Amino acid sequence: MLSIVVPLYNEARNVSPLVERIGGVVDRLSAAYDHEIVLVNDGSSDDTGTAARREMERRSHIILVTLSRNFGHQLAATAGLEIARGAAVVLMDGDLQDPPELIEAFVAKWREGFDVVYAVRRTRPGESPFKLFTARLFYRIIKRLTKVSIPVDAGDFRLMSRRVVDALRRSPERNRFLRGMVSWVGFNQTAVEYDRDVRHTGTTKYPLSKMIRFAMDGITSFSDIPLRFASYFGFIVSAIAFLYAIYVIVSKVFNVRPLAYTPGWASTIVAVLFLGGVQLMSLGILGEYLGRVYDEVKGRPLYLISEVERS
Ligand code: UDP
Ligand code: MG
């Protein structure tokens, strides 16, 4: 069985074309595979639920999971992965930016024996230059910061085999960066390239603030290099200070007037401001990690389901 998991947040007008296009694909594959379409309504405030129920009247094998409130994309996806029973599970966005037709290419690769088939975005039309630039930058930064090889320019649109999904289900971490976790799982992974479509209707549910938080989650859950930044930097500054101290002592002993000695104001203020900034930044980095540790320690459930309906 093939499961298709789609997190939905205020996508009422996209549900019908989405289910129709996924339906076309699973119908073509129906000779070989059973299917289920898991729609996760992530606390939408519009008619996403109603739209999904209307589709359920027309099609069977749809599972509608309603969360108790908006938990965010990654947790909604996690809820869907938890419910999905397929031998292979496809995760995709609900705004038709990920073309469902690519699922056929995924399945072909899966049959060749790959456990993870992820989609790499060759082009991303309709995104702002700012989003394109920050996304590019982010994937390259995280590549440098972590030993887990997270593919560049791949989103969450992918097929995962049962053992990969089970591995994810056994990872209870809260600040989930699914695409990184899937890379961490390992097994045989391969890429399929595609051209991303423009959003069918509606606007992005990832404003800048959520993008930043997501990026922070990605970096903090896969790298501790930022934590070590303070010690590296402290080491470099101490080394420079040590050399400078030698210079000052030698100048004193031989009675030469050291550079920037009498006026002193500029060099002092620069050093104080600079070190103050670095200290605050290091504290901030500590705070980022500490906040996440606190989140984990509380051990609350990742999400709450209010209803599961099946057609
Ligand atoms: N989404 C969600 N919960 C949220 C935000 C987004 O389930 O809190 C879903 C959204 O409905 C969509 C997918 O996550 O199916 C990707 O979101 P979006 O298309 O807004 O992100 P973008 O493509 O702009 O990065
Ligand atoms: Mg989108």
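Only Lys, Arg, Asp and Glu carry charge here, each on its Cβ (+1 for the first two, -1 for the last two); on that basis the chain has a dipole of about 1100 debye about its Cα centre.
Using a cutoff of 8 angstrom between alpha carbon atoms and counting only pairs six or more residues apart, the relative contact order for region 1-158 works out to 28 percent. Axis angle, to the nearest 10 degrees, between helix 225-253 and the longest C-alpha principal axis of the chain: 10 degrees.
If you bin all the Cα-Cα distances of region 81-139 at 5 Å, starting from zero, the percentages per bin are 4, 13, 21, 21, 18, 12, 10, 2. With respect to the chain, whose longest principal axis is taken over its alpha-carbon atoms, helix 102-111 is tilted by about 90°.
Calculated mean residue ellipticity, 222 nm, the chain: -17000 deg cm²/dmol, from DSSP H runs (n ≥ 4) at -39500 (n - 2.57) each, averaged per residue and rounded to 500. In the chain, once you exclude exposed trypsin sites (Lys or Arg not before Pro) (DSSP loop, at most 11 other Cβ within 10 angstrom), what's the longest stretch remaining? By the stated rule (loop sites, at most 11 other Cβ atoms within 10 Å), 171-311.
Between 0 and 90 degrees, the angle of helix 73-83 with respect to the longest Cα principal axis of the chain falls at about 40 degrees. Principal semi-axes of the equivalent ellipsoid, √(5λ) from the alpha carbon gyration tensor of region 163-203, are 26, 17, 8 Å from largest down.
Residues considered: Ala215, Ala31, Ala12. Largest GNM mean-square fluctuation over the chain, using C-alpha springs under 10 Å, is found at Ala31. For the chain, averaging the sequence separation of C-alpha pairs within contact (under 8 Å, six or more residues apart) and dividing by the residue count gives a relative contact order of 23 percent. Only alpha carbons enter this Debye calculation for the chain, each as an equal point scatterer, and the log10 of I(q)/I(0) it gives at q = 0.07, 0.10 Å⁻¹ is -0.37, -0.63. With all protein chains kept in place, the per residue accessible area of region 115-255 amounts to 57 square angstrom at a probe of 1.4 angstrom. A Gaussian network model of the chain, with springs between Cα atoms under 10 Å, assigns the largest mean-square fluctuation among Gly94, Gly43, Gly299 to Gly299. Among beta bridges identified by DSSP and lying wholly in region 75-191, the antiparallel ones come to about 75 percent.
Overall, region 5-115 carries a charge dipole of about 200 debye about its Cα centre when +1 sits on the Cβ of Lys and Arg and -1 on the Cβ of Asp and Glu, all other atoms neutral.
Applying a DSSP loop filter and a limit of 16 other Cβ atoms within 10 Å to the GluC sites (Glu not before Pro) in region 13-109 leaves Glu101. Its relative contact order, with pairs defined as Cα atoms under 8 Å and 6+ residues apart, puts region 6-94 at 43 percent. Label positions at Lys252 and Arg13, each projected 7 Å from the Cα along the C-beta direction, are separated by 7.4 nm. Debye-formula intensities of region 31-153, expressed as log10 I(q)/I(0) at q = 0.16, 0.20, 0.22 Å⁻¹, are -1.05, -1.37, -1.42 (one equal scatterer per alpha-carbon, no solvent). Here the chain carries DSSP beta bridges of which approximately 35% are antiparallel, counting only pairs with both residues inside. Of the solvent-accessible surface of the chain, computed with a 1.4 Å probe over protein heavy atoms with every protein chain present, carbon and sulfur atoms account for 62 percent.
The values are calculated or read from the model by the stated rules, or taken from the named source; none is laboratory data. Computed from a predicted structure; not experimentally measured. Glycine gets a Cβ as well: all are built from the backbone with ideal geometry, and neighbour counts include every protein chain shown. Heavy atoms of the whole protein, side chains included, go into the accessibility calculation; ligands, DNA and RNA do not. Shrake-Rupley method; radii C 1.70, N 1.55, O 1.52, S 1.80 Å.
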